[in-house]
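As structure tokens, the structure follows; a few thoughts come after it.
The values are calculated or read from the model by the stated rules, or taken from the named source; none is laboratory data. Computed from a prediction, not measured in an experiment: that's the story for all the values here. Cβ atoms come from the backbone with ideal geometry, glycine included; neighbour counts cover every protein chain shown. Keep in mind that these areas ignore ligands, DNA and RNA; they rest on the heavy atoms of the full protein, side chains included. Shrake-Rupley method; radii C 1.70, N 1.55, O 1.52, S 1.80 Å.
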Amino acid sequence: MFDTLYLDDDHSWRGRTIKVRPNRWYAEVTLDRDNYVLTTEDRGGDAELPEAFLDAARRYNDSANKRIWYDGYPGTFLDRRGKRGITLFAPFPQTAAVRDALRTAELDRDYRGLHELAEQLALPVDRWLDPGERQLLRGADFSPPPEVFLSFLRGEAAKQGLRLNGRAEIGSVWVRPTVKPFQKRLREAHPERFPGWSDRWSGHQPDDEAPRRPWVGGRQEDLSVGAMPVAFLPVTVRGSDRCPCGFRRTSLGDEDTHHRHHANWAYGILVPKNLLWADDLAVVTSQSSISWRRLADRTARLPQREHGFDLSSWSHTGKPAETPDRDRAYLLQADEHVVGFLAAHDVDRHHWWDLEDGSESEEPVERADQAST
């Protein structure tokens, strides 16, 4: 249900409105300027919003969104901020104040109300994440249930590259923020991506008189305290433009196609559900059903691409027909995947090879099977 406030005297559809829509966790306060912008620009006017207005709205939403998450809201926010409208998210006690501040900002270009609300809703996250181990008390340091507050604080710590090491108890939360070595190096190497970040945690020395978190069983808590960070060294590796599965990295194009092909090459092709596989090895001929011949064709393309062959060793995907050489494809399956492939055909004659002497027999043998790939 909307509570609508008209900002123009005529109360027409061309005017600006502020709509308040309550949700479960918060209220949406929206400045709607759609029709006002269309009308103004049709008449040659300028309907753009000042950058100071947009910055004030952004600053307010940053504080308000954190406050709503702090109260337990588990979802996200769909921000709207532009000349056609602005949406602010308000905790229910501040709904009226947010509506009035938004009205003043639009009509009088006075943004002090939005800035004051942003300061009122700002949370002392930096104080909660100060170095050292300490106990935060519900009612004195925070208001939500300890589990809700600890979940919120973990998210804020992760944004700063911290490991929280927290535990929720009845009426309190124990925290010990520490900076991750990788996140420390990342932020120091790219200060433009993390403006204002400084390491307050690495050199912190614990106070001997500070209260210690009581041990309640389970794993020990300090197994990584004082550990040396993992060292990373640059290594020059000769690159290759060809993936082991046969795809060329310079011409992948469709990454999804490469991923599917690589999975089939590494794990085997999944046996279609419409094929009944009675034993481990299936012999597919040029007269088999099209489902079997297509499976043999898909399997044959894996070694073709891997080894760079010009032609596939199986090409019988048309109408079933007997071939002079009795072409066959042997498919081996394991765990419902085709994991082995061999294409074979008959030749007119061949000779036995004596492995001991390394010499070829003079007596030909008629019509023997010979594998082609």
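Under the condition of being in a helix (DSSP H, G or I) and either farther than 29 Å from Gln205 by Cα or open to solvent by 30 Å² or more (accessible area, probe 1.4 Å) (or both), the residues counted in the range 126-150 number 4. Looking only at the range 313-352, filter to residues that are touching a Lys or Arg at 6+ places or on another chain (Cβ under 6 Å) and of a type outside the set (D, E, K, R); which one of those is farthest from Asn274 (Cα to Cα)? So, considering only residues that are touching a Lys or Arg at 6+ places or on another chain (Cβ under 6 Å) and of a type outside the set (D, E, K, R), the one farthest from Asn274 (Cα to Cα) is Ala344.
For the range 312-326, what are the residues that are open to solvent by less than 100 Å² (accessible area, probe 1.4 Å) and of a type outside the set (A, V, I, L, M, F, W, C)? Across the range 312-326, the qualifying residues are Ser312, Ser313, Ser315, His316, Thr317, Gly318, Pro320, Thr323, Asp325. Residues of the range 41-55 that are open to solvent by less than 80 Å² (accessible area, probe 1.4 Å) and touching a Lys or Arg at 6+ places or on another chain (Cβ under 9 Å): Ala47, Leu49, Pro50, Ala52, Phe53, Leu54. Take the conditions (1) farther than 26 Å from Asp348 by Cβ; (2) surrounded by 17 or more Cβ atoms within 10 Å (Cβ to Cβ); (3) of a type in the set (D, E, K, R); Arg260 misses just one of them, which is (2). Taking every residue in the range 60-78 that is touching a residue at least 24 places away in the same chain (Cβ under 8 Å) and pairing it with any residue that is open to solvent by 40 Å² or more (accessible area, probe 1.4 Å) and polar (S, T, N, Q), at least 6 positions away or on another chain, yields no pair with a Cβ-Cβ distance below 6 Å.
The single residue among Glu209, Glu221, Glu255 that is closer than 30 Å to Thr299 by Cβ, modelled with pLDDT under 80 and of a type outside the set (Lys, Arg) turns out to be Glu255. Restricted to the range 107-120, and to residues there that are buried (at least 18 other Cβ atoms within 10 Å of the Cβ) and closer than 19 Å to Gly82 by Cβ, the residue that is nearest to the chain's Cα centre (by Cα) is Leu114. Considering only the range 80-92, I want to know if a residue exists there that is in contact with a Leu (Cβ under 7 Å, 6 or more places away or on another chain), open to solvent by 50 Å² or more (accessible area, probe 1.4 Å), under 30 Å from Asp8 (Cα atoms) and modelled with pLDDT under 95. Yes, the range 80-92 has at least one match.
In the range 224-252, what count of residues is obtained for those that are farther than 30 Å from Leu136 by Cβ, part of a loop (DSSP other than H, G, I, E, B), among the polar types (S, T, N, Q) and modelled with pLDDT under 75?
1
When Phe77 is tested against (1) open to solvent by 30 Å² or more (accessible area, probe 1.4 Å); (2) under 17 Å from Arg103 (Cβ atoms); (3) of a type in the set (A, V, I, L, M, F, W, C), only condition (2) is not met.
Within the range 263-281, does at least one residue satisfy the condition of being among the hydroxyl-bearing types (Ser, Thr, Tyr) and part of a helix (DSSP H, G or I)?
Of the range 263-281, the ones among the hydroxyl-bearing types (Ser, Thr, Tyr) are 267.
Retained after the next criterion (residues that are part of a helix (DSSP H, G or I)): 267.
The answer is yes; a qualifying residue exists.
For the range 175-201, name all the residues that are loosely packed, with under 11 Cβ neighbours inside 10 Å and in a loop (DSSP other than H, G, I, E, B). Write out each step before concluding.
Let us first name the residues in the range 175-201 that are loosely packed, with under 11 Cβ neighbours inside 10 Å, namely 189-190, 192-193, 195-196, 198.
Result: His190, Glu192, Arg193, Pro195, Gly196, Ser198.
Only one of Leu123, Leu31, Leu102 is assigned to a strand (DSSP E or B), touching a residue at least 60 places away in the same chain (Cβ under 8 Å) and open to solvent by less than 40 Å² (accessible area, probe 1.4 Å); which?
Values: Leu123 fails: assigned to a strand (DSSP E or B); Leu102 fails: assigned to a strand (DSSP E or B).
Answer to the check: Leu31.
The C-beta contact set for the range 273-293 (first residue more than 16 Å from Thr323 (Cα to Cα) and without any contact (Cβ under 8 Å) to a residue 60 or more places away in the chain, second residue among the small types (Gly, Ala, Ser) and surrounded by fewer than 16 Cβ atoms within 10 Å (Cβ to Cβ), distance under 8 angstrom, 6+ apart or interchain) comprises Asn274/Ser291; Leu275/Ser291; Asp280/Ala334.
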